[in-house]
Every structure is written in C-alpha cells, then in structure tokens.
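Just below is one structure, and these are the notes that go with it.
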Amino acid sequence: MANIKSAKKRIKVIESKTLVNKKRKSQIKTYIKKFETALDNNNIDEAKELFKTIEKKLDRAAVKNTMHKNKASRKVSQLSKKLNIAK
C-alpha cells in the first residue's frame with residue numbers, strides 16, 4: 001500500500017478508470033455477439049444498425065485509449081466484411 005498521498009489518489013483514479021474500461025469493452029463484446037446472432041438469423045437490417053453502433057463504440061474506445069486504434073479499426077473491418085458477405 002502506498003504511503004504518499006498522491007500515490008493513494010492515483011490508485012483510486014486507476015481503479016475507477018479500470019471499471020470504465022471494463023464496462024466499455026464489455027458493451028462492445030455484447031454488441032458484437034448481437035451482431036453475429038443477427039447475421040446468423042439473416043436479420044440484415046438489424047445487423048446494419050448494430051454495425052453502426054459497434055463502429056461508434058469502437059471509435060470511442062480507440063479515442064479514449066481503452067483499445068488500440070489499430071485493433072479498433074481491424075475489428076470494424078472484420079465486421080464489415082462479415083456484413084458484406086451476408087448481403
């Protein structure tokens with residue numbers, strides 16, 4: 001445990017940021033699962049809407065450094081490829 005006041009504060013800040021990052025990543029994973037389920041059920045319109053949402057959330061995660069920007073863009077590319085194949 002830290003003894004210095006600023007170090008104690010940093011620990012609290014890191015814990016709160018970790019929770020936000022976990023929440024953000026979990027939301028993205030959930031939306032991706034819904035997207036893939038929609039594709040499996042041939043709900044192309046629903047999949048398109050989910051794709052838009054996923055793209056926004058991935059971009060936000062990249063901007064906030066929750067996820068590396070290349071990983072986010074790679075995910076968008078993979079999902080758009082799946083969507084185009086399903087059409």
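Coordinate-derived values only; no laboratory data. Fair warning: this is a prediction, and the values are worked out from it, not measured in the lab. Counting neighbours? That spans all protein chains shown, and the Cβs are built from the backbone with ideal geometry, glycine included.
Which entries in the list 8/57; 23/71; 17/71; 12/57; 34/64 go over 27 Å, if you measure between the two C-alpha atoms of each? Each step should come with its number before you reach the end.
On the way: 8/57 31 Å; 23/71 18 Å; 17/71 20 Å; 12/57 25 Å; 34/64 24 Å.
Those over the limit are 8/57.
If the convex hull of the alpha-carbon atoms of the chain is projected onto planes in all directions, what is the mean projected area in square nanometres? Don't skip to the answer; put the middle values down first.
Numbers: hull surface 25.4 nm².
The directionally averaged projection comes out at 6.3 nm².
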Mind checking which aspartates and glutamates have their C-alpha under 14 Å from residue 48, skipping anything on the same chain fewer than 8 residues away? 36, 40
Among 31, 84, 58, the residue whose Cα sits farthest towards the positive end of the charge dipole of the chain (+1 at Cβ of Lys and Arg, -1 at Cβ of Asp and Glu, taken about the Cα centre) is 58
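Among the trypsin sites (Lys or Arg not before Pro) in the range 1-68, which ones are in a DSSP loop with at most 12 other Cβ atoms within 10 Å of the Cβ? Mind listing them? Spell out each step's value before the answer.
Details: sites: 5, 8, 9, 10, 12, 17, 22, 23, 24, 25, 29, 33, 34, 48, 52, 56, 57, 60, 64; in loops: 64.
Hits after loop and neighbour filter: 64.
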Taking the chain as the reference, fit the longest principal axis to its C-alpha atoms, fit the long axis of helix 44-63 to the helix C-alpha atoms, and give the angle between the two in degrees, 0 to 90, nearest 10. 30
Using just the helices of the chain, give the 222 nm mean residue ellipticity in deg cm²/dmol: DSSP H runs with n ≥ 4 each add -39,500 (n - 2.57), and the total is spread over all residues, rounded to 500. -30000 deg cm²/dmol
